[in-house]
Amino acid sequence: MFSKRRSEEMAPVDTLWEELKHAHIASPAERWILLCGGLPCSSTSCCEVKKATQDELDKHRLSLEIKEIGCIGDCSEGPTIIVYPEGVIYRKLKPDLAREIIREHVKAGNIVERLLRGDPEPREELRRREKMPFYRRQSRLVLRNCEVVKPDIEDYMKHRGYSALAYVLSQMTPEQVIKQVKLSGLRGRGGGGFPTGLKWEHMLGSPGEEKYVICNGDEGDPGAFMDRNLLEGDPHSVLEGMIIAGYATGAGQGFIYVRAEYPLAVRRSMQAIEQARENNLLGEDILQTGFSFDVELRTGAGAFVCGEETALISSLQGSRGDPEPRPPFPVQSGLWNLPTLINNVETLANIPIILLCGADSFAKIGTAGSRGTKVFALAGKVRHTGLVEVPFGTTLREIIYKIGGGIPGDKTFKAAQTGGPSGGCLGEQHLDLPLDYDSLLDIGSMIGSGGLIIMDEDTCMVDIARYYLDFTQDESCGKCTPCRVGTKRLLEILTRITHGEGQEDDLERLEYWGRLIKNTALCGLGRSAANPVLSTLRYFKSEYVAHIRDHYCPAGVCERLNRPRINQEICRACGLCARICEAAAISGSKETGYRIDPALCTACQRCLEECPFEAITGGEKVHA
Amino acid sequence: MTTETSILEGELQARLQPIVERYRGKRGAVIPVLQEIQGVLGYLPRKALIFVATELSIPLAEIYSVVSFYSQFSTVPVGRHRLEVCTGTACYVKGSHQLLEELGEKLNLEPGQVSPDGRLSLATTRCVGACSMAPVLKIGEELYGEFTADKIEQLLGSLARREEADRE
Ligand SMILES: Cc1cc2nc3c(=O)[nH]c(=O)nc-3n(C[C@H](O)[C@H](O)[C@H](O)COP(=O)(O)O)c2cc1C
Ligand code: FES
């Protein structure tokens, strides 16, 4: 089944990368249809589109294969069909449009120009996936299979699947594998960024009659979906990485821990495990090499802290997900007090790539301290949302504007949130910062697992800080006092600021509590819980001050502080509003224009109703 | 065997026994057992918790400490259709809090409540990973992206039609 190749015969990453990139247009004679079957699409009208496509194919007696794959990452545009060999992509489909595509394109051979969407790019650019800016500017290495390969073992094997494992088991010693992983410079994608090879080395050297590998698929960062996507779209890559990890570190049993909110990921991982067992890639004496390894799937039960490795272990043992102090680290004493290696889903999905392409080639991608690519989950106020994979060192500007197509409407960019509840908010001044593990830590955030939420002028940064503290306060397990009490204090202060009841020294209080928790909490949840507050305080301080001093929310989000505003471009300075304002909150002149003093305004809305030019807005409930 | 002493009667017993049997003797089985039972019953009644405690020889207090820790578990009944609004960041930024409020008004339910006929319940959920379609409403395993409160009547209509079809 597998050809045993020596490492010098392996394609270097550049060539392999080229090959992977073009894999889906490699055989022009073949016509097939790809249907995006990731969770967002499959949950909208995808089933109907699929049925319509199949019906129409049957009607015209066309026997084509419809491949239902994982998510192609362009989720705001689904459901999506790609017709090969041309690689023409049709988006936002409805059943009748799908029928038309089968009739016109597949049967008659005419591309249905009318249905190519995605302005304002020129049409030529739109047809093919690899030409569209959203894809063209990405480096899809980890996500390569999610777009082309069915989440099924047969198709995976056709695309070099399990050849890295076969090679490792037959040709390499565990030490050699670890050396390659170390050389690649791979760091953990779960948030901490610990060098993977080093962790494996510690694990190999750690004595224990049994050892475990855990794949961390808890993905608790609200707003992140990279791991869900990998487990749904390419579960075998993750599994292959896991089996290799087991071999390299001397483990015999693995667990995939997937959060309960991801039912499709659970099913697809389960199926992958069963298929791997059927093919002797799991179980006793794998590929007759004498190595035995099996994997069990466990689902989380809804607790953010269970993404933290020691809490995850408690949860796997059947208890509350309480974290434990480290050391001892899990590689020394983890599950059932035995050596346990915990790696993130995306970390493991990188392993087959490193062994296929060679560590040297892999290490050429990215920045000095952060090698390879990172998958970001781009969401929020950005035109094209979805998964974006780029080399480390790519700037926010590239991701938001070139790949993501910029901010929708005529709004302006305000902030990008990275790292979820443990991370921070970056402002405009950071748009050109090359993103990697270290650059983000330097500015008080972190790359985290890869959540990237874009915010525009309509987002209130104080409210966002409050939102995250509400989250961490709720998710704090309560075991250590700094986190239990500290997150509560922070939330109280932030809530009162958003209610207009902030006090002058609240900013100092936030700093004080923030640093206290950071320095004294037991686990990473508490130690990073203040990051959203501290980073917004640092880069958006004026918004805090406006809330406290002027009782004014510049974004118009905080309901109790939301006051009408005069748009100076529309205002003709007629002075009517100033005359009718009962609170005498409006002042100005023909020359200077008029302004509303938010401290005096009672939000009675009269000016808003009376203004003949409709120049006054706000004051009502404004939501993003 | 604990069968004679079990506090569950007839049918309930028949449905839960196979679940605990499958996990008997396995380490760390409490959470998967509770998950499966909740999958069958919709929630975790006290009787079921006592059953698990007896069958797996685990103190009831420990079972309760697990149940109260994880947000997935519910000790009160939920509606046949459980409407959950995502409160993840991407959804929040796109106004999910307002969606929740409006749905509550339209359905006359507070988050956490069940309608008197037991048909609908309203709740919040953590991020379901469909952030690119925010704000997201989840009903059972189905997700409805870019959801607005004015779409709810239509959605309830199609749920009703489906229920009818299932009955036939
Ligand atoms: C509060 C908290 C939540 C975490 N959540 C996750 C998570 O959802 N997924 C994950 O892979 N790692 C998460 N981690 C990091 C894990 O503790 C651990 O470092 C990681 O799984 C190790 O894998 P890696 O080295 O491959 O990144 C979290 C850490 C903390 C402190
Ligand atoms: S934030 Fe709502 S689905 Fe992720």
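The values are calculated or read from the model by the stated rules, or taken from the named source; none is laboratory data. Just so we're clear, the structure is a prediction, and the values are computed from it rather than from any experiment. Heads up, the Cβs are rebuilt from the backbone with ideal geometry, glycines too, and the neighbour counts pull from every protein chain shown. Calculation scope for accessible area: heavy atoms of the full protein, side chains included, ligands and nucleic acids excluded. Shrake-Rupley method; radii C 1.70, N 1.55, O 1.52, S 1.80 Å.
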If B:Cys127 passes every condition in (1) touching a helix residue (DSSP H, G or I) at 6+ places or on another chain (Cβ under 9 Å); (2) away from ligand 2 (no atom under 14 Å from the Cβ); (3) not basic (Lys, Arg) but one, which one does it miss? (2)
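Across the range B:63-72, what is the number of residues that are touching a helix residue (DSSP H, G or I) at 6+ places or on another chain (Cβ under 8 Å), closer than 17 Å to A:Gly478 by Cβ and facing chain A (nearest Cβ under 8 Å)? Break it down stepwise before answering.
First, pick out the residues of the range B:63-72 that are touching a helix residue (DSSP H, G or I) at 6+ places or on another chain (Cβ under 8 Å): B:63-64, B:66-67, B:70, B:72.
In the following step, the residues that additionally are closer than 17 Å to A:Gly478 by Cβ were identified as B:64, B:66-67, B:70.
Adding the requirement that they be facing chain A (nearest Cβ under 8 Å) leaves B:66, B:70.
Summing the residues that are touching a helix residue (DSSP H, G or I) at 6+ places or on another chain (Cβ under 8 Å), closer than 17 Å to A:Gly478 by Cβ and facing chain A (nearest Cβ under 8 Å) in the range B:63-72 gives 2.
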Helices (runs of 4 or more DSSP H) lying entirely in the range A:220-292 (those with 3 or more residues that are away from ligand 2 (no atom under 16 Å from the Cβ)): A:235-249, A:263-278
Just wondering, is there one or more residues in the range A:196-211 that are aromatic (Phe, Trp, Tyr) and within 11 Å of ligand 1 (Cβ to nearest atom)? yes
When the range A:178-217 is checked residue by residue, the ones that are more than 16 Å from ligand 2 (Cβ to nearest atom), within 24 Å of A:Arg228 (Cα to Cα) and within 14 Å of chain B (Cβ to nearest Cβ) are A:Tyr212, A:Ile214
For the range A:300-324, enumerate the residues that are buried (at least 24 other Cβ atoms within 10 Å of the Cβ), more than 16 Å from ligand 2 (Cβ to nearest atom), within 12 Å of another protein chain (Cβ to nearest Cβ) and not aliphatic (A, V, I, L, M). A:Cys306, A:Ser315, A:Gly321
Just to be sure before I move on: is A:Glu261 open to solvent by 10 Å² or more (accessible area, probe 1.4 Å) and modelled with pLDDT under 95 in the structure I sent? yes
Just one of (1) on the phi > 0 side of the Ramachandran plot; (2) at pLDDT 95 or above trips up B:Val33, so point out which. (1)
For the range B:146-163, does any single residue satisfy the condition of being within 8 Å of another protein chain (Cβ to nearest Cβ) and either in contact with a Pro (Cβ under 8 Å, 6 or more places away or on another chain) or over 30 Å from A:Cys558 (Cα atoms) (or both)? no
When you go through (1) on the phi < 0 side of the Ramachandran plot; (2) open to solvent by 10 Å² or more (accessible area, probe 1.4 Å) one by one for A:Gly405, which number turns out not to apply? (1)
Could you check A:Cys477 against (1) under 24 Å from A:Thr310 (Cβ atoms); (2) away from ligand 2 (no atom under 16 Å from the Cβ); (3) part of a loop (DSSP other than H, G, I, E, B); (4) not assigned by TED's automatic domain parsing to the domain that holds A:Gly514 and say which number it fails? (4)
Residues (open to solvent by 50 Å² or more (accessible area, probe 1.4 Å) and over 20 Å from A:Gly386 (Cβ atoms)) located in the range B:143-168: B:Thr148, B:Asp150, B:Lys151, B:Glu153, B:Gln154, B:Arg161, B:Arg162, B:Glu164, B:Ala165, B:Asp166, B:Arg167, B:Glu168
Among the numbered criteria (1) open to solvent by less than 10 Å² (accessible area, probe 1.4 Å); (2) modelled with pLDDT of 75 or more; (3) assigned to a helix (DSSP H, G or I), which single criterion is violated by A:Leu35? (3)
Only one of these conditions is not met by A:Pro327: (1) modelled with pLDDT of 95 or more; (2) more than 14 Å from every other protein chain (Cβ to nearest Cβ); (3) open to solvent by 10 Å² or more (accessible area, probe 1.4 Å). Which number is it? (1)
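Which ones in the range A:221-254 are open to solvent by 20 Å² or more (accessible area, probe 1.4 Å) and within 12 Å of another protein chain (Cβ to nearest Cβ)? Full working, then the answer.
We begin by selecting, within the range A:221-254, every residue open to solvent by 20 Å² or more (accessible area, probe 1.4 Å); these are A:247, A:250, A:252-253.
Of everything in the range A:221-254, just one residue is open to solvent by 20 Å² or more (accessible area, probe 1.4 Å) and within 12 Å of another protein chain (Cβ to nearest Cβ), namely A:Gln253.
Can A:Arg572 be described as open to solvent by 70 Å² or more (accessible area, probe 1.4 Å) and touching a Ser or Thr at 6+ places or on another chain (Cβ under 9 Å)? Even if it seems obvious, please write down each step before you answer.
Numbers: open to solvent by 70 Å² or more (accessible area, probe 1.4 Å): yes; touching a Ser or Thr at 6+ places or on another chain (Cβ under 9 Å): no.
So A:Arg572 does not fit the description; no.
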I want to confirm something. Restricting to the range A:55-98 and keeping residues that are hydroxyl-bearing (Ser, Thr, Tyr) and under 30 Å from the mean Cα position of the chain (by Cα), which single residue is modelled with the highest pLDDT? A:Tyr90
Restricting attention to the range A:343-383, which residues are within 16 Å of A:Ala245 (Cβ to Cβ), open to solvent by 10 Å² or more (accessible area, probe 1.4 Å) and within 15 Å of ligand 1 (Cβ to nearest atom)? A:Asn344
Pairs where the first residue, in the range A:504-519, is under 13 Å from A:Ala465 (Cβ atoms) and the second is open to solvent by 60 Å² or more (accessible area, probe 1.4 Å), C-beta under 7 Å, 6+ apart: A:Trp513/A:Arg489
Name, by its number, the condition in (1) in a strand (DSSP E or B); (2) over 22 Å from the mean Cα position of the chain (by Cα) that does not hold for B:Gln154. (1)
Considering residues of the range A:523-555 that are within 13 Å of ligand 1 (Cβ to nearest atom) and surrounded by fewer than 20 Cβ atoms within 10 Å (Cβ to Cβ) only, the residue farthest from A:Ala311 (Cα to Cα): A:Arg527
Take B:Ile7 and decide whether it is more than 14 Å from chain A (Cβ to nearest Cβ) and at pLDDT below 90. yes
If you scan the range A:408-446, which residues turn out to be open to solvent by less than 10 Å² (accessible area, probe 1.4 Å) and among the polar types (S, T, N, Q)? A:Gln417, A:Thr418, A:Ser445
Considering only residues that are touching a residue at least 24 places away in the same chain (Cβ under 8 Å) and open to solvent by 30 Å² or more (accessible area, probe 1.4 Å), which ones fall in the range B:43-61? B:Tyr43, B:Arg46, B:Lys47, B:Ile50, B:Thr54, B:Leu56, B:Ile58
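For the range A:394-447, name all the residues that are among the aliphatic types (A, V, I, L, M) and either within 16 Å of ligand 1 (Cβ to nearest atom) or not in a loop (DSSP other than H, G, I, E, B) (or both).
Quick first cut of the range A:394-447, residues among the aliphatic types (A, V, I, L, M) only: A:396, A:399-400, A:403, A:407, A:415-416, A:426, A:431, A:433, A:435, A:440-441, A:443, A:446-447.
Once the filter is applied, which keeps residues that are among the aliphatic types (A, V, I, L, M) and either within 16 Å of ligand 1 (Cβ to nearest atom) or not in a loop (DSSP other than H, G, I, E, B) (or both), the range A:394-447 yields A:Leu396, A:Ile399, A:Ile400, A:Ile403, A:Ala415, A:Ala416, A:Leu426, A:Leu440, A:Leu441, A:Met446, A:Ile447.
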If B:Ala53 satisfies all but one of (1) facing chain A (nearest Cβ under 10 Å); (2) within 19 Å of A:Arg320 (Cβ to Cβ), what's the number of the condition it fails? (1)
Can you find a residue that is among the polar types (S, T, N, Q) and either assigned by TED's automatic domain parsing to the domain that holds A:Phe293 or within 16 Å of ligand 2 (Cβ to nearest atom) (or both) anywhere in the range A:137-152? no
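Results for (1) out of contact with any strand residue (DSSP E or B) (no Cβ under 9 Å at 6 or more places or on another chain); (2) more than 19 Å from B:Tyr43 (Cα to Cα); (3) at the interface with another protein chain (Cβ under 9 Å from one of its Cβ atoms), shown as yes or no for each residue.
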position: B:Thr75; (1), (2), (3): yes, no, no
position: B:Tyr92; (1), (2), (3): no, yes, yes
position: B:Ser96; (1), (2), (3): no, yes, no
position: B:Gly118; (1), (2), (3): yes, no, no
position: B:Ala165; (1), (2), (3): yes, yes, no
position: B:Glu168; (1), (2), (3): yes, yes, no
